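The values are calculated or read from the model by the stated rules, or taken from the named source; none is laboratory data. In this text the structure is predicted, and so the values were computed from the model without any measurement. A quick note on method: Cβ atoms are made from the backbone with ideal geometry, for glycine too, and the neighbour counts reach across all protein chains shown. These area figures cover heavy atoms from the full protein model, side chains too; ligands, DNA and RNA do not enter into them. Shrake-Rupley method; radii C 1.70, N 1.55, O 1.52, S 1.80 Å.
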Amino acid sequence: MEAVRGRLRRMLYGHSQSARLFRLALLLVDLATIIYFLVTIRVAHVGIYLAIDFLIFVYYFVELAIRYYISHHPETFWRRFSTWADVAVLVSLILPLLVANSGFIALLRTLRFIRSYRIMLEIKQYLPIPRKYEDVVNAAGNLVVFIFIVTSMVWVLQANTNDQITNWIDALYFTVTTLTTTGFGDITLKGSLGRLVSVFIMIFGVALFLRLAQAVFRPYKVYHVCPSCALTRHDPDAVHCKHCGIVLEIENEGDW
């Protein structure tokens, strides 16, 4: 049993080529299910859709069970937000078999969109990103994932009740205009929950947007841990640490 557990851990968390390809396949399945959730927001989940929901339920359940099985600390597994988000998605997939489909079920499924951030982190491992641009890429990635998740939430919440939002692009348009505080006003969210979502976009979206602007326009710093004070950011041509004055030995290729 321990051998099986170890093999599963290597496949899900290892750094070998086969492990990376395996995780990439899982990510593609995640993307496919997220797209399915978005496309079928306005569709009554009966007939073939119930069958697809059940297959996705089985896949998610097996994945969650395996992650619990290989967890190094099973006692803390159920304390994670991501675990309960996955449980909520499982509930949303099985409920249509018992009750009529509703907006609440669709809202629960948006919790799976949180996986978008994990997808971004995994994809980054396949991209040769220079350390010089790492902060910019991280800030841009966080902003893109935030926009995707919030746009999807807006689409799910308003698709069947707001005649101003007829497709995902309308929801994207609203999210971006709200995030940038442009606020043309031609699309507004209905209800108290819609207003709360708008406030959430403005507060957190603007913060992420400013974080990206800071990463783009601030002077470039070299990442190097000072052996004395542990300062990690230094000027590219620094000889001494600005904080403690110790001589630094920063590796470079002669560009400065």
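Here are the numbers:
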| quantity | calculated |
| --- | --- |
| Residue within segment 150-159 that is at pLDDT 80 or above, part of a loop (DSSP other than H, G, I, E, B) and under 22 Å from the mean Cα position of the chain (by Cα) present | no |
| The one condition in (1) open to solvent by less than 20 Å² (accessible area, probe 1.4 Å); (2) part of a helix (DSSP H, G or I); (3) out of contact with any Lys or Arg (no Cβ under 8 Å at 6 or more places or on another chain) that Ile165 fails to fulfil | (2) |
| Set Leu64, Leu8, Leu50, Leu28: member being within 18 Å of Thr110 (Cβ to Cβ), modelled with pLDDT of 80 or more and not β-branched (Val, Ile, Thr) | Leu64 |
| Filter result for Thr177 (modelled with pLDDT of 85 or more, touching a Gly at 6+ places or on another chain (Cβ under 7 Å) and either open to solvent by less than 70 Å² (accessible area, probe 1.4 Å) or not hydrophobic (A, V, I, L, M, F, W, C) (or both)) | yes |
| Checklist (1) at pLDDT below 80; (2) in contact with a Cys (Cβ under 7 Å, 6 or more places away or on another chain) applied to Arg233, failing item | (2) |
| Every pair of residues 6+ apart whose Cβ atoms lie under 9 Å, when the first sits in segment 1-16 and is under 12 Å from Arg67 (Cβ atoms) while the second is open to solvent by less than 80 Å² (accessible area, probe 1.4 Å) and outside any helix (DSSP H, G or I) | Arg5/Ile70; Leu8/Ile70; Arg9/Ile70; Leu12/Ile70; Tyr13/Ile70 |
| Residues being open to solvent by 50 Å² or more (accessible area, probe 1.4 Å) and either more than 18 Å from Ser152 (Cα to Cα) or touching a helix residue (DSSP H, G or I) at 6+ places or on another chain (Cβ under 8 Å) (or both) - total across segment 29-43 | 2 |
| Val58 being within 17 Å of Arg112 (Cβ to Cβ), modelled with pLDDT of 90 or more and part of a helix (DSSP H, G or I) | yes |
| Unique residue being open to solvent by 40 Å² or more (accessible area, probe 1.4 Å), modelled with pLDDT of 80 or more and either closer than 30 Å to Ile41 by Cβ or not in a loop (DSSP other than H, G, I, E, B) (or both) when the list is Ile203, Ile187 | Ile203 |
